[in-house]
Amino acid sequence: MLKKIASILVWVFLFGYLIVVFSFANGKSERLVISGTQVNVVDSVKRGFVREVDVERIIKRKYPQIVGASNSGINKEVLEDLIDKIPYVKKSEVYNSLSGKLIVEIKQRNPIVRILSGKGYYLDSEGEKMPLSTNYTSRVLVVSGVVNDQLIKEELFELVKFITNDEFWKSQITQIDVDKDREYVLIPRVGAHKIELGSIENFQRKFQKLNALYTKGFTKKGWNTYSKINLKYKDQVVCTKKK
């Protein structure tokens with residue numbers, strides 16, 4: 001019985017201690033004075049869509065005299081909402097350092113393909129559109145030809161994900177061209193040939209056939225022997241020699 005009472009008293013003490021600590025920390029945070037701002041784009045080495053100066057401009061537009069301002073007067077959720085409206089931002093987080101700096105951490109969206117339709121745009125890793133940027137160009141797979149939202153949703157994005165999720169195909173296939181009949185032609189990085197994939201049907205099997213040709217056939221014939229590789233036919237690969 002005494003052990004049970006002692007255990008309860010320990011938990012009550014710990015609970016009270018945590019309340020005091022959190023109250024103290026919250027009070028200290030409210031009394032903080034903003035000493036400056038710091039923008040960290042955590043994946044800036046991989047892509048450069050978001051510039052620190054643009055984020056700083058958003059902060060100063062909302063809080064022109066932010067340096068020296070009380071932390072309690074800064075609505076961090078509002079700042080996050082404003083920064084998240086930048087079309088290249090996936091997620092932002094705003095918080096304070098112990099010294100009073102306002103820290104903004106940003107993760108950018110990840111484009112995996114560029115669509116050459118109209119003014120052009122990217123699709124990110126979730127299939128959502130991203131506008132092109134005047135600050136940065138992402139070196140990604142390119143799609144040209146007859147492209148619309150329905151095609152992207154029904155089949156094109158699946159093909160794009162397959163290519164970009166495979167290290168070999170991602171490095172080898174640089175462009176996809178689509179005609180009005182939804183027939184696909186692939187442009188490789190290495191080799192003087194075009195790859196006629198045909199329709200999207202059984203495309204993974206077609207890539208298996210192409211891989212077999214690359215690993216077995218081209219080691220003997222060479223990468224520049226053919227001008228066209230046709231994968232349309234079941235269990236066949238039809239190659240046209242260069243003239």
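The values are calculated or read from the model by the stated rules, or taken from the named source; none is laboratory data. Values in this document were obtained by computation on a predicted structure and should not be read as measured data. Using ideal geometry, Cβ is built from the backbone for each residue, glycine included, and neighbour counts are taken over all protein chains shown.
Working only within segment 188-205, note down all residues that are free of Cβ contacts under 8 Å to residues at least 40 places away in the same chain and surrounded by fewer than 17 Cβ atoms within 10 Å (Cβ to Cβ).
ARG189, VAL190, SER199, GLU201, ASN202, ARG205 - these are the residues of segment 188-205 that are free of Cβ contacts under 8 Å to residues at least 40 places away in the same chain and surrounded by fewer than 17 Cβ atoms within 10 Å (Cβ to Cβ).
What about LYS107, is it over 30 Å from VAL147 (Cβ atoms) and either assigned by TED's automatic domain parsing to the domain that holds ILE173 or touching a Ser or Thr at 6+ places or on another chain (Cβ under 8 Å) (or both)?
Working: over 30 Å from VAL147 (Cβ atoms): no; either assigned by TED's automatic domain parsing to the domain that holds ILE173 or touching a Ser or Thr at 6+ places or on another chain (Cβ under 8 Å) (or both): yes.
In short, no.
In this structure, does LEU123 turn out to be part of a helix (DSSP H, G or I) and surrounded by 13 or more Cβ atoms within 10 Å (Cβ to Cβ)? Spell out the reasoning first.
Numbers: part of a helix (DSSP H, G or I): no; surrounded by 13 or more Cβ atoms within 10 Å (Cβ to Cβ): yes.
No; evaluated as a whole, the condition is false for this residue.
Do you know which residues across segment 67-80 are of a type outside the set (S, T, N, Q) and surrounded by 12 or more Cβ atoms within 10 Å (Cβ to Cβ)?
Pass one, segment 67-80, residues of a type outside the set (S, T, N, Q): 67-69, 73-74, 76-80.
VAL67, ALA69, ILE74, LYS76, VAL78, LEU79, GLU80, listed by residue number.
Please give the number of the condition SER171 fails out of (1) assigned to a loop (DSSP other than H, G, I, E, B); (2) among the small types (Gly, Ala, Ser); (3) loosely packed, with under 14 Cβ neighbours inside 10 Å.
(1)
Based on this model, can you work out whether SER97 counts as farther than 20 Å from TYR184 by Cα, out of contact with any Ser or Thr (no Cβ under 8 Å at 6 or more places or on another chain) and modelled with pLDDT of 95 or more? Break it down into steps so the answer makes sense when it comes.
Working: farther than 20 Å from TYR184 by Cα: yes; out of contact with any Ser or Thr (no Cβ under 8 Å at 6 or more places or on another chain): yes; modelled with pLDDT of 95 or more: no.
No.
Could you list, in sequence order, all residues of segment 106-119 that are surrounded by fewer than 16 Cβ atoms within 10 Å (Cβ to Cβ) and within 17 Å of the chain's Cα centre (by Cα)?
Hit for segment 106-119 is LYS107, nothing else.
Right, GLU105: over 30 Å from ILE176 (Cβ atoms), of a type outside the set (S, T, N, Q), part of a strand (DSSP E or B) and at pLDDT 95 or above or not?
On the way: over 30 Å from ILE176 (Cβ atoms): yes; of a type outside the set (S, T, N, Q): yes; part of a strand (DSSP E or B): yes; at pLDDT 95 or above: yes.
Taking the combined requirement at face value, the residue satisfies it.
In segment 215-224, what count of residues is obtained for those that are without any contact (Cβ under 8 Å) to a residue 24 or more places away in the chain and either part of a loop (DSSP other than H, G, I, E, B) or not charged (D, E, K, R) (or both)? Spell out how you get there, then give the answer.
Narrowing segment 215-224 to residues without any contact (Cβ under 8 Å) to a residue 24 or more places away in the chain: 215-217, 219-222.
This time we only want the ones that are either part of a loop (DSSP other than H, G, I, E, B) or not charged (D, E, K, R) (or both), so: 215, 217, 219, 222.
Within segment 215-224, residues that are without any contact (Cβ under 8 Å) to a residue 24 or more places away in the chain and either part of a loop (DSSP other than H, G, I, E, B) or not charged (D, E, K, R) (or both) number 4.
Suppose we keep only residues that are modelled with pLDDT under 85 and among the hydroxyl-bearing types (Ser, Thr, Tyr) within segment 208-243. Which one would you say is farthest from PRO188 (Cα to Cα)?
Among those residues, the one meeting the criterion is THR219.
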